[in-house]
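Take a look at the structure below.
All of the numbers you see were taken from the coordinates with simple rules; none came from a lab. Because the structure is predicted, anything quoted here is derived from the model rather than measured. FYI the Cβ positions are ideal-geometry reconstructions off the backbone, even for glycines, and counts take in every protein chain you see.
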Amino acid sequence: MNNVLASNYQTLSIQYQTLYNSKKKQIKLISVGRFISFIGIFPAYFYINPASDILAIAASLLLFGTFLFLIKLFVRTEKQLSYYLRLVEINQNEVEALHRNFSPFDPGNEFSDPHHDYSFDLDLFGIGSMFQFLNRTVTNRGKVYLAALLNQSQRPVEEIIEKQIAIQELAEELDWRQQFLARGKETEDQKNPKRTDESLGQFIGLKSAKAVKYLLKTLPILTLLLVGLSLAGLLINAFFLVAIFSQWIIFILYSKTISKFQKQFESQAKRLGRYSNLLQQIEMKHFQSSYLVLMKEKLTKDGKTASSITAELQKTLNEFDYRQNILVGFVLNSVFLWDLRCIYRMFRWQQKYSEELPVWFKVIAEMDALISLANCNYNHPEWNTPMLTDSGFQVDAVGLGHPLIDEARCVRNSFTIAGTEQIAIITGANMAGKSTFLRTVGINLILAANGCKVCAVRFEFSPVRVFTNMRTSDNLMNDESYFYAELLRLQAMLNLLRNGEKLFVIVDEMLKGTNSVDKLNGSKELIRQLIALKTHGIVATHDLGLTELAEIYPGSIKNQCFEVQLHNDDLNFDYKLTDGVTRTMNATFLMKKMGIIPN
């Protein structure tokens, strides 16, 4: 754990807690002032009135104005209070993360997929997963975007380099990142988190839009004019009643359309306002990297910023919500065709900007995901940025470790496949570290492909599609045995290779579901096919007979192993990868030691 980082986060947490406490005291004072100003309105009038009518009215109006001002100040201060509390939580969670407690972060269970190229085998999603280790997203779309990034292992070299620069730039902007997260933590509807993104982008038509436009301009003015003339005694009341009645006829004619808009946009204003704040935060930041600059450039339309455009819609939605007060809604619809006026403005907004909204929400989602990767870079300054090569295939790692293993216990290894080398066959006793090492290579390749730092002293690689076969399971619903499920997995891998895909394969103990002789023969034939198809990868096995292939394909296959030392009736695991073939097996030894079989 980096003690300096933990101390920095703790300091920030204390600073924001102090601000939170200050705002809390301020809230109490505002509440008292609001109460006093309200209850003082009438007493002030009656107390001062005997001396002066004008002074009494002025005092009452001053107290009423103070009451309204304090209400506004209370709402603003309450938002600040919540904002500082979220910043306290963000920093406390990071302290917990540095202590290897990732429970505050969403593990992404819903993204687990046994059929994906590698995510299931590499423990990418779920409790204690790489996703939970990385995830700091505060929007549902951001979480989905981060999962999609991790589910892709192959990108052009130029794109990865651009992302490396962008992520590192964000990593150095701690305050800005935390402000983004604090503003974003309230954006989601927990019952239906995708609703904002989907519903606001769905276009709803409005019949006779031009006629509606003219009605909205003329009928309310005519109604107000007739009301004024009636109050002045120049016209009988029947005239303005006819105008009001006409407005309600129009309201009834458009009631179905109004209902559609209500269903689509109901209670969206508050959430949309928070998205607008996130857009504004991106717009106001001056970025250096070309990748982030291009993201920011998407947030304009017709010379206006995305945040101001979404704020326009938010204002209309706020006004549309006035209808929820029955009395206010009745008056507004009787005089101003209020609901029709609001949906006309929404209709015009959608005509101009509905196609842009998904683009802007995607920018928020991508920024949210990139901040998670940037946070990883910041929390692990000892990690290193990978180097890339596109001249032939290469994986060259020095001091490679698994990100999920505590630094105090993590054993680093070096590993290389380069030049004519294609397959590394790794042998070793049970619990010697083979499977963990395979996942270590796989996870770091995924991080590297996404422009993130990796857990290594040095890491050079060629971008490649990763495909694993490590944790196959049977499927009783589909009447699939374990062995058949593994065959289907291997078949899928070979089909990709035969169709021209370049893969880096990671295979752990293939053909576990058959007898030893059949397993060895089948494994040898599979590796021969991998060699013929110009594939690169790692194969871990207990089958020492498989290592004989290195003699047949000396330039293409190499043997490496994890050895175990027997000392004073104890097993010593050093988890260090060495060249050669293991000569130590420990299954019988462990069974005797645990009393499973007689000693």
For the range 74-79, in residue order, the Karplus 3J(HN,Hα) values (coefficients 6.51, -1.76, 1.60; θ = phi - 60°; whole Hz; Gly and Pro = x) are 4, 4, 5, 5, 5, 5
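Just how large is the dipole of the chain about the Cα centre, in debye to the nearest 20, putting +1 at every Lys and Arg Cβ and -1 at every Asp and Glu Cβ?
On the way: 64 positive and 59 negative charges, 589 e Å.
It comes to approximately 2820 debye.
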Note: probe point = Cα of SER414 + 7 Å toward Cβ; backbone nitrogen < 17 Å; residues of the range 521-563 passing the test are 559-562
Relative to the chain, whose Cα atoms define the longest principal axis, helix 357-379 and its Cα axis are tilted in degrees, nearest 10, by 50
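How large is the dipole of the range 1-100 about the Cα centre if only Lys and Arg carry +1 and Asp and Glu carry -1, each at its Cβ, rounded to the nearest 20 debye?
Numbers: 10 positive and 5 negative charges, 10 e Å.
Result for the range 1-100 is approximately 40 debye, rounded to the nearest 20.
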With a Förster distance of 25 angstrom and the Cβ-Cβ distance between THR300 and TRP176, calculated FRET efficiency to the nearest 0.05 equals 0.80
Given all pairs of distinct Cα atoms, the range 387-593 yields a Kirkwood Rh in Å of 17.9
Helix 482-498: inclination vs the chain longest Cα principal axis, degrees, rounded to 10, gives 80
Applying the gyration tensor rule to the Cα atoms of the range 363-461 (axes a ≥ b ≥ c; rounded if a/c under 1.5, else prolate if a/b exceeds b/c, else oblate), the class is oblate
Once both label points are put 7 Å beyond Cα along the C-beta direction, the ASN430-HIS99 separation in nm becomes 3.6
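Would you mind putting 555-565, 300-310 in packing order, based on average other-beta-carbon counts within 10 Å, highest first? The partial results should precede the final answer.
On the way: 555-565: 19.5, 300-310: 16.7.
Those peptides, ordered most packed to least, come out 555-565, 300-310.
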HN-Hα couplings for the range 148-153 via Karplus (6.51, -1.76, 1.60; θ = phi - 60°), in whole Hz with x for Gly/Pro, come out as 5, 4, 5, 7, 10, 10
Computed over the chain: longest principal axis from alpha-carbon atoms vs helix 255-265 long axis, angle to nearest 10 degrees, is 50
FRET efficiency (PHE483, ALA532; Cβ distance; R0 22 Å; to 0.05) is 0.35
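How big is the dipole moment of the range 387-593 about its Cα centre under a simple scheme where the beta carbon of each Lys and Arg is +1, that of each Asp and Glu is -1, and everything else is neutral? Debye, nearest 20, please.
Values: 21 positive and 23 negative charges, 48 e Å.
It works out to roughly 240 debye.
Assuming 0.36 nm per residue, please report the length gained on full extension of the stretch LEU229 to ILE57 beyond their Cα-Cα distance. Provide the component values of the computation, followed by the final result.
Values: separation 172, 0.36 × 172 = 61.92 nm, distance 2.98 nm.
Here the segment from LEU229 to ILE57 would lengthen by 58.9 nm.
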Options [x] 70, 26, 22; [y] 36, 29, 23; [z] 65, 29, 21 for semi-axes √(5λ) of the Cα gyration tensor in Å; the value derived from the coordinates is listed as [z]
Under 5 Å from the placed amide H of ASN384, counting only residues 5+ away or on other chains, we find VAL454, ALA456
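What number in nm² do you get for the range 195-368 if you take the convex hull of its Cα atoms and divide its surface by four? Before the final figure, lay out the partial values.
Working: hull surface 46.3 nm².
With every direction weighted equally, the projected area is 11.6 nm².
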Summing +1 per Lys or Arg and -1 per Asp or Glu among the other residues with Cβ less than 9 Å from LEU81's Cβ gives +2
Counting only backbone N atoms under 12 Å from a point 7 Å out along Cα-to-Cβ of ASP106, the residues of the range 134-177 in range are 135-148
Computed ³J(HN,Hα) along the range 410-427: with the Karplus parameters 6.51/-1.76/1.60, θ = phi - 60°, integer Hz and x for glycine or proline, the list is 6, 9, 8, 9, 9, 8, 9, 10, 8, x, 7, 5, 10, 10, 9, 9, 10, 10
The simple spin-label model distance between PHE38 and PHE69, using points 7 Å out along Cα→Cβ, in nm, is 1.8
